[in-house]
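None of the figures in this text is laboratory data; all of them are computed from the coordinates on show. Keep in mind that this is a model prediction, so the values were computed, not measured. Glycine also receives a Cβ, built like all others from the backbone with ideal geometry; neighbour counts cover every protein chain displayed.
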Amino acid sequence: MSKPKVAFYWCASCGGCEEAIVDLAEDILGVVEAVDIIFWPCAMDFKKKDVEAMPDKSIVATFLNGAIRTSEQEEMAHLLRRKSQYLIAYGACSAMGGIPGLANQFRLEDILQFAYHAGPSMANEAGTRPQVSSTDAGHALRLPQLREVVRSLDQVVDVDYYIPGCPPTPKLTKAAVGALLEGKLPPKGTVLSPDVALCDECPRKASKPTDLGFVEFKRPHQAIIDQEKCILAQGFICMGPATRGGCEAVCVQGNMPCSGCFGPTSRVKDQGAKFLSSVASNVGPREEGAIDQVLAGIPDPVGTFYRYGLAKSLLRRKVPKPG
Amino acid sequence: MNDKPWEPRIVAFFCNWCTYTAADLAGVSRMKYAANVRTIRLMCSGRVDPQFIMDAFAKGADGVLIGGCHPGDCHYGEGNYKMLRRFQLLQRMLGDLGIEPERLRLEWISAAEGDKVKSVINDMVEKVKALGPFDLPGQFQSWDREMMTEAEALAHAGHQEAK
Amino acid sequence: MSEPVRIGFYVCHCGTNIAAMVDVEAVAKYAAKLPGVAVSRGYKYMCSDPGQELIQQDIKEHKLNRIVVAACSPLLHERTFRTATMKGGLSPFFFQMVNIREHDAWVHTDGAEATQKALALVRAAIRRVPFHKPLEIKKVPINPAVLVVGGGIAGIHAALTLADGGQKVTLVEREATIGGHMAKFDKTFPTLDCAACILTPKMSAVGAHPNITMWTYSEVVKVEGYVGNYTVTIKRKPRYIVEDLCTGCGECVEACVYREPRFADDFNEGLGKRKPVFMPFPQAVPPIFIIDSGTCRVWTHGHCKEPCVKACGDRKAIDFSQKEEFKEIQVGTVIVATGFKIFDAKRMPYYGYGLYPNVYNALEVERLVNASGPTGGEIVMRNGKRPKTVGIVHCIGSRDENNNKWCSRVCCLYSLKLAHLIKEHTHAEVYNFYIDMRTPGKSMEEFYNRIAGEGVHLVRGKVADVFPDPSDPEGNRLLLQAEDTLLGRVLKFPVDMLVLAVGIEPQADAQDVRRMLNMSCGTEGFFLERHPKLAPVSTFTDGVFLAGCCQGPKDIPDTVAQAGAAAAEAYSLICRGHIEQEPNTAYIREEDCSGCKSCIPLCPYTAIAFVESTKKAIINEALCKGCGTCVASCPSGSIVQNLFEDEEIYSEIEGILANE
């Protein structure tokens, strides 16, 4: 009996999700034994044409991490979709756009301007920019085209499951792979993590008061976070109430607020909007000026509430001005 | 398509006790105002979830109007204060996301202020008209044109490496 | 939705009210093609019996399981159509209404635009209604006890009506006696019968009624709960006289260290004097005394020989140690009859009120002409003289862009009455200055004609200025400068006494009272009735009713009528025994709740609690009022509001904006 074929691929990502697979530690041997990894650019020497040569749906599951930002990533997404029974969006970037999704606040042109010309440490007198096609030493060179908009995987191809997290925890990954191997999969489209907000499993839940009324907000670099008490109750934005659980609150246990990487529960369309609703509703003052003073402690609502989810939010990006 | 000039479409969320009643009063008094607003009735402006507002824009609204009771007069005590707090942050955040402030408006209109319904709607329609269409669905469509189709992607995938 | 949705859609023509602007045929045709619509019809008057029967028939014949009616406002007919739906065998909540009249046909001028808007709204409702659930109507029991706030003629009449019918009533009055403003009047128009004569029997009846608990010198300070189940906290202020022990003999007043009355007497509008211990007026109910801590030496000087206590002797009715007491009662309904205050004429300084000693407001004059008033019914001015010419100026503070825009309804009539009484008492020449003569009501026109025939001078014109007559050596006479608009001449009228017909305003604390009772006020500040024509005594808060001038200026006959109406509506609720609550409450899905506690501080009714055993939040359905604030705030989307679920609202948004 041949082992089920499995593939891993990375798009616009940091490599953290590959680390997460490796972080399965001893368990990775169990994984490697049970499956046949036929494609993993980070760790193995298979080529794209190997994938092209496979029959459709011959890969049982592809775990694809990273957001979709280039033409090549779109191409690979379509290819792997064709060749896989199950296409799984692995990690926050492929699930929601992730940190790269924050680029949706800017126009591509502005990003390239900054990265290749206006950046303070830039030394690029020739004004070189990456080109889709160019020649170098007589050879024709093709580079992928950068898209204007950063996308989540499901904004490009049909996705079967999501494993959330930045990165997903080893426990979650193991559970997902296990479920896959046993054939015990939930309905298509499910996010493979508990559908309850993080507060449910947070060790500091008991210390959160039932009469919270915010009079100020602080950012983690502005004050010391008390190690015992609910972080949100201390005035630091913790996305826990609006974020799925399943990570065992690792960030909170590291005395840092949750930043929302597991995304919203299935009942919420837009994580950032819902969290805004909750946190603003609980602001203490009633008068506009006083309200604004409290809210001034959140200088960057987009970056704070949509740190991982901007590409999948209802508006998807900062709407560019016409022309 | 018809060749009539573009008219803004504004989705309004009105609270049952004050603004919706005031709009009824405007109707009973036969006041006349612009026809661009379509109202969704809720019990309280506190029920207005920011997701509704963003969803309205995402589905094609050019403007969103929220009507509630004056501060201190909410039929349920304080729902309108919660709405106000959300609004203060939401308008700033939507501004950061490229939505002009005139497209999202919060007004306190009491049950007796039928004339205010008329003047607010007329004013908002005028301002949104000046800004032009928002048409986020149309924008989504045009942004997504940069993507390759599945056929293109697969054809490209079979493409040999350039020499 | 396990079975396929079959929607019956109806668009009402409402005669031509809708059909004249909205192309109703096009709407019906359009709706017929929308997904889920099995039947689509137009009809002239959907709210009529045949219209409602049409729905019921169609449900049976076409096996419909949802109904949408595009017609007038749901605030008017949602209940009608829900009932029709229910009679047809479906849950009444499988119904959605579309407002294409008040919000569309009546407010737009372009038929094409109005029709486009109607189509959008119809689409929204048709997309929404499949998500409706078969909710259950909650029945809330009604406590038969009634609270009447305010002991003027309105409160008195409402309380007596209910008490005579066997209901238990608590009547709370802020002053030390019931009677309100009417107790201060002398004769009342149009019959000129004496106010005290007709009022005092009713006051006594209240005081003696076995079904009425009368708490004077008390105020309502907190109202909690909801229709049928109000918990009201009442502050009973200390009289320093024990109510049950005082016999009203008056020996304490005789014995008081102050030999002569020295302090301004409120009941007489400051024109008379009283001692620190006093009875508000001789026919006060309850007929007992009160000690005013603002003027009694026990407080002002820290000590007193207390001869009043000695005089009271064995009765021991005086108790200086009394403290304010808070009492809590349970009632099912509340009737608000808190009355009015008069316009403060000092706000119009050119009339000289407060400046010249012979300028009075109408209420002060009522006390002057009253036989039990400070001058024994003689019209004696502050300078000790009797007037030979009197000017009465109508519309002080009323019908005025700079003060109160409204007409106070009673001033022309009482000004004519005062003219008659002043003439009767003094034989003075009386000049009434009016803008329009407004005397509506039964026998009022006849009253006007009678007074006009008695030689009262009626001058049509506003008095523009009042100043001392330079030709009067004693400096008492005033000159009133007014244009007689019928003559077309500006004239100066010398008068010895000027009476200002001040208008009726809401009480100074009306805003506090209405917030306490969860009522609204209109733009003028009077309490807002549910509907100006069809529901003038009820408010938007179930179980709270209005009577008298707190709802708007009116005369005594109308006040009494309204008080009877309020009593009847309260009684109607009591008879029914229960009220049906709109089932739009919220509930938390336990399996979804993370126990983040974000919702708990949001509820003004404290309906949300944290359960230690499950570490999750829960909503008490009985306390939930259905505002939906917690639903919108829940960061994980774990709270649902019946009738206004997220899915239902998203579907409306989608329907409105779809480009079909």
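Look at where the Cα atoms of segment C:9-29 and of segment A:1-78 average out, and the two centres are 61 Å apart.
Between the listed residues C:Met516, A:Tyr308, C:Ile335, the Cα displaced farthest toward the positive end of the dipole of the protein assembly as shown, a dipole computed from Cβ unit charges relative to the Cα centre, is found at C:Ile335.
Listed from fewest to most Cβ neighbours within 10 Å, the set B:Ile121, A:Ile111, B:Ile10 follows the order A:Ile111, B:Ile10, B:Ile121.
Sequence-distant contacts, meaning Cα pairs under 8 Å at least 6 residues apart, place the relative contact order of chain C at 13 percent. Measuring between alpha carbons in the structure, the pairs from C:Lys202/C:Lys423; A:Lys188/C:Lys616; A:Lys321/B:Lys129; C:Lys237/C:Lys305; C:Lys187/C:Lys533 lying more than 21 angstrom apart are C:Lys202/C:Lys423; A:Lys188/C:Lys616; C:Lys237/C:Lys305; C:Lys187/C:Lys533. Take the Cβ atoms of C:Glu3 and C:His303, set R0 to 56 Å, and the FRET efficiency comes out at 0.05. Charge tally for C:Cys304 (other residues, Cβ to Cβ under 15 Å; Lys, Arg +1; Asp, Glu -1): +3. Straight-line cross-link partners of C:Lys462 among the lysines, defined as a Cα under 17 Å from its Cα and at least 8 positions apart when in the same chain: C:Lys405, C:Lys492. Measuring against 19 Å, Cα to Cα, the residue pairs C:Lys138/C:Lys222; B:Lys118/C:Lys625; C:Lys235/C:Lys275; B:Lys82/C:Lys625 contain C:Lys138/C:Lys222; B:Lys118/C:Lys625; C:Lys235/C:Lys275 as the ones spanning a longer distance. Counted by Cβ distance under 13 Å from B:Asp96, the other residues give a net charge of +1, where Lys and Arg count +1 and Asp and Glu count -1.
Could you work out [θ]222 nm for the protein assembly as shown from helices alone, using -39500 (n - 2.57) per DSSP H run of at least four and dividing by all its residues? Round to the nearest 500 deg cm²/dmol.
Details: 33 runs with 331 residues, N = 1146.
So the calculated ellipticity at 222 nm is -8500 deg cm²/dmol.
Using a Förster distance of 45 Å, how high is the FRET efficiency between C:Glu25 and A:Lys184, based on the Cβ-Cβ distance and rounded to 0.05? The partial results should precede the final answer.
Values: r = 56 Å, r/R0 = 1.25.
Working from the Cβ atoms, E equals 0.20.
Using a/c under 1.5 as the rounded threshold, could you call segment C:245-345 rounded, prolate or oblate? The axes a ≥ b ≥ c are square roots of the C-alpha gyration tensor eigenvalues, and prolate needs a/b larger than b/c, oblate otherwise. Oblate shape, in that a/c is at least 1.5 and b/c is the bigger or equal ratio. For peptide A:192-202, the mean count of partner chain Cβ atoms within 10 Å of a residue's Cβ comes to 5.
With both residues required to sit in the protein assembly as shown, DSSP beta bridges show an antiparallel share near 40%.
Tell me, which longest segment in chain B has none of the GluC sites (Glu not before Pro) that fall in DSSP loops with at most 16 further Cβ atoms within 10 Å? Kindly include the intermediate steps, with their values, before the conclusion.
Details: sites that count: B:Glu146, B:Glu161.
Looking at chain B, B:1-145 is the longest stretch - no exposed GluC sites (Glu not before Pro) with at most 16 other Cβ atoms within 10 Å.
Give the residue list of trypsin sites (Lys or Arg not before Pro) in segment C:35-96 that are DSSP loop and have at most 16 other beta-carbon atoms within 10 angstrom. Write out the running numbers ahead of the final one.
Details: sites: C:Arg41, C:Lys44, C:Lys60, C:Lys63, C:Arg66, C:Arg79, C:Arg82, C:Lys87; in loops: C:Lys44, C:Lys63.
Of the trypsin sites (Lys or Arg not before Pro), the ones in loops of segment C:35-96 whose Cβ has at most 16 other Cβ atoms within 10 Å are C:Lys44, C:Lys63.
For each of A:Cys199, A:Cys14, count neighbouring Cβ atoms within 10 Å of the residue's Cβ, then give the residues from fewest to most.
Details: A:Cys199 30, A:Cys14 17.
Taking fewest neighbouring Cβ atoms as first place, the list is A:Cys14, A:Cys199.
Among the residues of B:19-26, the average count of other protein chain beta-carbon atoms within 10 Å of the residue beta-carbon is 4. Based on C-alpha pairs under 8 angstrom that are at least 6 apart in sequence, segment A:1-159 has a relative contact order of 25 percent.
When a/c is below 1.5 the answer is rounded, else prolate if a/b is larger than b/c, else oblate, so apply that to chain A with a ≥ b ≥ c taken from the square roots of the Cα gyration tensor eigenvalues. Because a/c hits 1.5 or more and a/b fails to exceed b/c, chain A counts as oblate. Taking other C-beta atoms within 10 Å as the exposure proxy, B:Lys116, B:Lys82 rank B:Lys116, B:Lys82 from fewest upward.
Cα centroids of segment C:609-660 and segment C:476-530: 48 Å apart. Looking at chain C, do any whole DSSP H helices span at least 15 angstrom along their long axis by alpha carbon and average -0.5 or above on Kyte-Doolittle, and which? Long hydrophobic helices here: C:111-128, C:153-164, C:195-208, C:411-426, C:556-576, C:646-657.
With the cut-off at 25 Å, tell me which of the pairs A:Lys274/B:Lys32; A:Lys312/C:Lys615; A:Lys274/C:Lys139; A:Lys312/B:Lys59; A:Lys47/A:Lys312 have Cα atoms farther apart than that.
On the way: A:Lys274/B:Lys32 37 Å; A:Lys312/C:Lys615 31 Å; A:Lys274/C:Lys139 34 Å; A:Lys312/B:Lys59 15 Å; A:Lys47/A:Lys312 31 Å.
In this structure, A:Lys274/B:Lys32; A:Lys312/C:Lys615; A:Lys274/C:Lys139; A:Lys47/A:Lys312 exceed 25 Å between Cα atoms.
A simple spin-label model places the labels of C:Asp49 and A:Ser58 7.9 nm from each other, with each point 7 Å out along Cα-to-Cβ.
Over segment A:110-252, what relative contact order in percent results from Cα pairs under 8 Å that are six or more residues apart?
On the way: 128 pairs, mean separation 28.1, N = 143.
About 20 percent, as a whole number.
Mean partner shielding of peptide C:390-399, defined as the number of other chain Cβ atoms within 10 Å of each residue Cβ, is 0. Starting from the Cα gyration tensor of the protein assembly as shown, take the square roots of the eigenvalues, sort them a ≥ b ≥ c, and report rounded, prolate or oblate (rounded when a/c is under 1.5, otherwise prolate if a/b is larger than b/c, else oblate). Prolate is the answer for the protein assembly as shown, as a/c is 1.5 or above and a/b outweighs b/c. The modelled label-to-label distance between C:Gln481 and C:Ala255, using points 7 Å beyond Cα along the C-beta direction, is 5.9 nm. For chain C, the antiparallel share of DSSP beta bridges with both residues in that region comes to about 50%.
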